[in-house]
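Colleague: Next up is a structure, given as structure tokens.
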Amino acid sequence: MAQPVNQDEQMSHPRKIIIDCDPGQDDAIALLLALASPEDISVLGVTVVAGNVPLHLTERNARAVCELAGTGPIPVFAGCDAPLQRKLVTAEHVHGATGLDGPPLPEPQQPLETTHAVDFIIETLRREPSGTVTLCPLGPLTNIATALRRAPDIAPRIQEIVLMGGAYFEVGNITPAAEFNIYVDPEAADIVFRCGAPLVVMPLDVTHKALTSPSRIRAFRNMGTTAGQMVAEWADFFERFDIAKYGGNGAPLHDPCVIAWLIRPDLFTGRHINVEIETRSELTLGMTVADWWGVTDRTPNALFMGHLDADGFFALLTERIARL
Ligand code: RIB
Ligand code: CA
């Protein structure tokens, strides 16, 4: 099993990660945060999955955002275009028809890698020293689960899986019981939550505290940079859905919480608890059943976050995006 992260070791070397995503405005901001933080994070590659919008759009969006960062070529690998067993559910109602509605983004010049995302994940984990690569899923867990099923030997080689998904006190955002990333592919989530790798989970309970506001969006717009302008306009577009649904509190920056934790884990608090996935009941399909109060003897398998320092989060995000 992978060794716990050695903080001294990490201070001297950036953490090697693979970002698995379904851009999505919040995925895009997470990508920019990671690429703007080379002293903390080394992005070995970006793998893409169908989720917010179909795969042909999420892979195009991922390539376009990596180019927008302007931090040098980042290999982007297309992965699974549908969940393991179910029909794909998408979220154009939140992210727009392109998945990145808001500002126009130039067509990417960099080509998609020819290697399948699942093969890239397996090959990277087998090549890199055991316990030195972190997986950062920001969308449905289909690619990660497919890699684990195809190559069970990689599970003990994973340093950590730090993912955005699930909910407990916040309950669901796509159904009354389930959060979107888990709901789209609950069988994949079940495989990941049972795989034995150290899990860090950013549920809606914490991402709904990472809310944009007019002043926070103004800070991006006032940078006078293309990246700052794009983040501001994505946030403007992205927040309209959540404001209409939850009332005027701004847009939750779900996926950037994953990357922010890698850089400043002190901004977050949570509990190491048991979390299991509902895969049978149609009523509660995709629910993350989190034993937050320790009422069962189920083995803890995840560091499940409950709170973040929102001002500290936005200060970090603003400082890093301003670098691009
Ligand atoms: O429920 C929020 C999650 O679903 C985020 O990752 C968002 O990008 C969508 O994928
Ligand atoms: Ca996402």
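The values are calculated or read from the model by the stated rules, or taken from the named source; none is laboratory data. This is a predicted model, so every value here is computed, not measured. Cβ placement follows ideal geometry from the backbone for every residue including glycine, while neighbour counts extend to all protein chains displayed. Keep in mind that these areas ignore ligands, DNA and RNA; they rest on the heavy atoms of the full protein, side chains included. Shrake-Rupley method; radii C 1.70, N 1.55, O 1.52, S 1.80 Å.
Colleague: For the stretch 130-255, give the share of DSSP beta bridges that are antiparallel, in percent and rounded to the nearest 5; count only bridges with both residues there.
Modeller: Of the beta bridges lying entirely in the stretch 130-255, close to 10 percent run antiparallel.
Colleague: On a 1.4 Å probe surface of the protein chains, which of Lys209, Lys87, Lys16 comes out largest in accessible area, and what is the full order? Before the final figure, lay out each step's value.
Modeller: Details: Lys209 80, Lys87 175, Lys16 50 Å².
Result of the area sort, largest leading: Lys87, Lys209, Lys16.
Colleague: So, one more: Just flag the GluC sites (Glu not before Pro) in the stretch 6-95 sitting in loop per DSSP whose Cβ has no more than 10 other Cβ atoms within 10 Å.
Modeller: Glu39
Colleague: Another question about this same structure. Based on DSSP, what percent of beta bridges with both residues in the chain are antiparallel, to the nearest 5?
Modeller: Numbers: 10 of 35 bridges.
Approximately 30 percent, going by the DSSP bridge assignments.
Colleague: Grab the eigenvalues of the alpha-carbon gyration tensor for the stretch 128-198, scale each by 5, take roots, and send me the semi-axes largest first in whole angstrom.
Modeller: Each semi-axis is √(5λ); the values are 24, 12, 9 Å.
Colleague: How large is ³J(HN,Hα) for each residue in the stretch 30-46, as worked out from phi by the Karplus curve 6.51 cos²θ - 1.76 cosθ + 1.60 (θ = phi - 60°), to whole Hz, x for Gly and Pro?
Modeller: After applying 6.51 cos²θ - 1.76 cosθ + 1.60, I find 4, 4, 5, 4, 5, 6, 8, 10, x, 6, 10, 9, 10, 7, 6, x, 10 Hz.
Colleague: Name the residues whose placed amide hydrogens come within less than 5 Å of the amide hydrogen of Ala178, ignoring near sequence neighbours (fewer than 5 apart) on the same chain.
Modeller: Gly172, Asn173
Colleague: Based solely on its DSSP helices, what 222 nm [θ] is calculated for the chain when runs of n ≥ 4 H residues each add -39,500 (n - 2.57) and the sum is averaged over all residues, nearest 500 deg cm²/dmol?
Modeller: Calculated mean residue ellipticity at 222 nm is -11000 deg cm²/dmol.
Colleague: Same structure, new question: Based only on Cα atoms, what Rg/Rh ratio does the stretch 95-139 have, Rh being taken as Kirkwood's radius?
Modeller: 1.12
Colleague: Also, quick follow-up: Take the Cα atoms of the chain, build their convex hull, and give its volume per residue in Å³.
Modeller: In the chain, the Cα convex hull volume per residue is 122 Å³.
Colleague: Considering Cα pairs under 8 angstrom that are at least six residues apart, work out the relative contact order of the stretch 158-235 and quote it in whole percent.
Modeller: Reported as a whole number, the value is 31 percent.
Colleague: Net charge near Ala219: determine it from the other residues with C-beta under 13 Å of the C-beta of Ala219, scoring Lys and Arg +1 and Asp and Glu -1. Don't skip to the end; give the middle numbers.
Modeller: Details: positive: Arg216, Arg218, Arg221, Arg320; negative: Asp311, Glu319.
Value of the local net charge: +2.
Colleague: Using a Förster distance of 35 Å, how high is the FRET efficiency between Ser130 and Phe241, based on the Cβ-Cβ distance and rounded to 0.05?
Modeller: Working: r = 41 Å, r/R0 = 1.18.
The formula returns an efficiency of 0.25 here.
Colleague: Output ³J(HN,Hα) for the stretch 63-70: one whole-Hz value per residue in order, computed from phi by the Karplus curve 6.51 cos²θ - 1.76 cosθ + 1.60 with θ = phi - 60°, and x for Gly and Pro.
Modeller: Working through the residues one at a time gives 5, 5, 5, 4, 5, 4, 4, x Hz.
Colleague: Taking a ≥ b ≥ c as the square roots of the eigenvalues of the Cα gyration tensor of the stretch 17-147, is the shape rounded (a/c under 1.5), prolate (a/b larger than b/c) or oblate?
Modeller: Judged from the Cα gyration tensor, the stretch 17-147 comes out oblate (a/c at least 1.5, b/c at or above a/b).
Colleague: Can you give the relative contact order of the chain as a percent, counting alpha carbon pairs under 8 Å and 6+ residues apart?
Modeller: Working: 746 pairs, mean separation 62.8, N = 324.
Taking the mean separation of contacting Cα pairs over the length of the chain, I get 19 percent.
Colleague: Ok, one more. List, in order, the whole-Hz ³J(HN,Hα) value for each residue of the stretch 154-161 obtained from phi through the Karplus relation with A = 6.51, B = -1.76, C = 1.60 and θ = phi - 60°; use x for Gly and Pro.
Modeller: Computed from phi, the couplings for the stretch 154-161 are 7, 3, x, 8, 7, 5, 7, 10 Hz.
Colleague: Further question on the same structure: Nothing charged except the Cβ atoms of Lys and Arg (+1) and of Asp and Glu (-1): what's the magnitude of the dipole of the chain about its Cα centre? Round to the nearest 20 debye.
Modeller: 120 debye
Colleague: Okay, moving on. Quote to one decimal, in nm, the extra length available between Thr318 and Arg149 on full extension: 0.36 nm per residue of separation minus the C-alpha distance between them.
Modeller: Contour length minus Cα-Cα distance gives 57.0 nm.
Colleague: Report the relative contact order of the stretch 1-129, percent, no decimals, based on alpha-carbon pairs under 8 angstrom and at least 6 residues apart.
Modeller: On the way: 204 pairs, mean separation 32.6, N = 129.
Reported relative contact order: 25 percent.
Colleague: Between Arg221 and Val289, what is the FRET efficiency for a Förster distance of 41 Å, r being their Cβ-Cβ separation, to the nearest 0.05?
Modeller: The computed FRET efficiency comes out at 0.50.
Colleague: Do any GluC sites (Glu not before Pro) in the stretch 229-324 lie in a loop, going by DSSP, with at most 16 other beta-carbon atoms within 10 Å of their beta carbon, and if so which?
Modeller: Within the stretch 229-324, the qualifying GluC sites (Glu not before Pro) (loop, at most 16 other Cβ atoms within 10 Å) are Glu282.
Colleague: With the other protein chains left in place, how much accessible area per residue, in square angstrom, belongs to the chain at a 1.4 angstrom probe?
Modeller: Roughly 39 Å² per residue, with all protein chains present.
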